[in-house]
Amino acid sequence: MNPSGVERYAFETGIYRPPSEGGSDSLLIRLTRNCPWNHCTFCGMYKTEKFQVRSVAEIKKDIDAMAALRDDLAALSRPSGQGTGVSHDGAVALIGKYPALNHHPGFAMFYHWLLSGGQTAFLQDANSLIMKTDQLVEVLAYLRATFPTISRVTTYARAKTIAQKSLDDLKAICGAGLDRLHVGLESGDDAVLEHVRKGATAEIHIKGGQKALAAGFQLSEYWMPGLGGQARWEQHARNTARVLSAIDPHYIRSRPLRPWPGTPLAGEAAKGSFEMLTPAGQLRELRLTMQELSVNSRVCFDHAGNYWKNRHGGHLLSLSYEGYQFPREKQKILDLIDEGLKVGGQ
Ligand code: SF4
């Protein structure tokens, strides 16, 4: 055996996953590297990186390495492990045996996943559905068989890729154990989508979202308050609400625009050709979006970018991953936004 354990436990871990997957201590499994589109002008996530689909053999090797790590941790944890089969003592003993684990990029993630009960997994990176259907199904089956404690698997997916897959393919992927798709809508306004080079129209987003639901997936749609700027805030709000209402996903998640340094949109904002909304302007836009929204979704503000304050100086809107249930809590959100506007929208 490799004395450092580097080879025995070698697996890749990407950087990005939704906050809700961090909160639930998800296992991160890397199916592809980076983003196959990579043109959105507000996004700096994978800008300098080349997209690659990893082979099924390579991904299975990662899963095998994780299984070996689980088994070795469990073996050393037996004297003190509780419930989850691993323990701090076990981790310390294994690191003592293989000190290189201190520098393993995925060890802490994997250990915390086991400690939390090993229940959820997230497939990285930006668009796992771009894999060939039979390959994705094979990976999902292998992952589920290797880690039977997993009860939920999620991934990022582009609406255009979902729209291009056949319903039968989507059903096969869902049936193989992929439960939830996280999709970046950003805006339902075609002019805004074109301006930020999202590579999908409102109609493609509706088609992709409806198809994902018809295939049986749980669906999380992300939108970006402020993305229309001063020039198109009203169309951005109305059309985003229209598209989300047509899809009616399980979750709608707010990610207010913050120009990412070095991105084309940040450059436009610096030059003044894109005029950012003020915090109060963003809140007014949010109010119109919520007012127009006709869904049965949970609307979530589960990211620190939803910075608006209430009259006590605390967060105006809950950062909970489960958010607010529409339509029941729609008025509650509108009342909270009115409170935020009264204190200046900061
Ligand atoms: S599709 Fe997603 S990851 Fe890719 S460039 Fe656009 S926002 Fe970034």
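The values are calculated or read from the model by the stated rules, or taken from the named source; none is laboratory data. Remember, predicted model here, so these are calculated numbers, not experimental data. As a convention, Cβ positions derive from the backbone with ideal geometry for all residues, glycine included, and neighbour counts pool all protein chains shown. What goes into the accessible areas is simple: the full protein's heavy atoms, side chains included, and nothing from ligands, DNA or RNA. Shrake-Rupley method; radii C 1.70, N 1.55, O 1.52, S 1.80 Å.
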Item to complete: Would you mind telling me which numbered condition in (1) more than 16 Å from the ligand (Cβ to nearest atom); (2) touching a residue at least 40 places away in the same chain (Cβ under 8 Å); (3) among the small types (Gly, Ala, Ser) Ala91 fails?
Response: (2)
Discussion item. If Leu31 meets every condition in (1) more than 16 Å from the ligand (Cβ to nearest atom); (2) closer than 18 Å to Phe147 by Cβ; (3) touching a residue at least 12 places away in the same chain (Cβ under 8 Å) apart from one, which number is that one?
Written reply: (1)
Worksheet item: Which of the residues spanning the range 125-147 are part of a loop (DSSP other than H, G, I, E, B) and either within 19 Å of Thr32 (Cβ to Cβ) or open to solvent by 10 Å² or more (accessible area, probe 1.4 Å) (or both)?
Response: Asp125, Ala126, Asn127, Met131, Lys132
Response to the item:
Filter the range 4-22 for residues that are away from the ligand (no atom under 16 Å from the Cβ) and not in a loop (DSSP other than H, G, I, E, B); the one that is modelled with the lowest pLDDT is Gly22
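Scan the range 123-140 for residues that are within 16 Å of the ligand (Cβ to nearest atom) and not aliphatic (A, V, I, L, M) and jot them down.
Hits for the range 123-140 are Gln124, Asp125, Asn127, Ser128.
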Worksheet entry | Candidate set from the range 315-346 (those that are exposed (fewer than 15 other Cβ atoms within 10 Å of the Cβ) and aliphatic (A, V, I, L, M)); member that is nearest to the chain's Cα centre (by Cα) | Leu319
Discussion item. Checking Ile150 against (1) in contact (Cβ under 8 Å) with a residue 12 or more places away in the chain; (2) open to solvent by 30 Å² or more (accessible area, probe 1.4 Å), only one condition comes out false. Which one?
Written reply: (2)
Response to the item:
Looking across the range 304-313 at residues that are among the small types (Gly, Ala, Ser) and open to solvent by 30 Å² or more (accessible area, probe 1.4 Å), the single one that is nearest to the chain's Cα centre (by Cα) is Ala304
Practice prompt. Determine the pairs where a residue that is within 13 Å of the ligand (Cβ to nearest atom), located within the range 189-214, has a partner that is open to solvent by 50 Å² or more (accessible area, probe 1.4 Å) and of a type in the set (Ser, Thr, Tyr) with Cβ atoms under 7 Å apart, the partner being 6 or more residues away or on another chain.
Written response: Leu193/Thr201
Worksheet item: Lys171 fails exactly one of the following numbered conditions: (1) under 19 Å from Pro259 (Cα atoms); (2) of a type outside the set (Val, Ile, Thr); (3) surrounded by fewer than 18 Cβ atoms within 10 Å (Cβ to Cβ). What is the number of that condition?
Response: (1)
Practice prompt. Being open to solvent by less than 30 Å² (accessible area, probe 1.4 Å) and within 30 Å of Phe326 (Cβ to Cβ) is the filter here, so list the residues in the range 270-280 that pass it.
Written response: Leu277, Ala280
Response to the item:
Condition set at pLDDT below 90 and either touching a strand residue (DSSP E or B) at 6+ places or on another chain (Cβ under 6 Å) or open to solvent by 30 Å² or more (accessible area, probe 1.4 Å) (or both), scope the range 46-74, selection farthest from the ligand (Cβ to nearest atom): answer is Thr48
Worksheet item: Restricting the search to the range 227-269, which residues are in a loop (DSSP other than H, G, I, E, B) and surrounded by 19 or more Cβ atoms within 10 Å (Cβ to Cβ)?
Response: Leu227, Gly228, Pro249, Arg255, Pro256, Leu257, Pro259
Worksheet item: Taking Gly96, is it open to solvent by 10 Å² or more (accessible area, probe 1.4 Å) and at positive phi?
Response: no
Practice prompt. Answer yes or no as to whether Leu178 is buried (at least 23 other Cβ atoms within 10 Å of the Cβ), part of a loop (DSSP other than H, G, I, E, B) and not acidic (Asp, Glu).
Written response: yes
Item to complete: Being open to solvent by 50 Å² or more (accessible area, probe 1.4 Å) and assigned to a helix (DSSP H, G or I) is the filter here, so list the residues in the range 281-303 that pass it.
Response: Arg284, Arg287, Gln291, Glu292
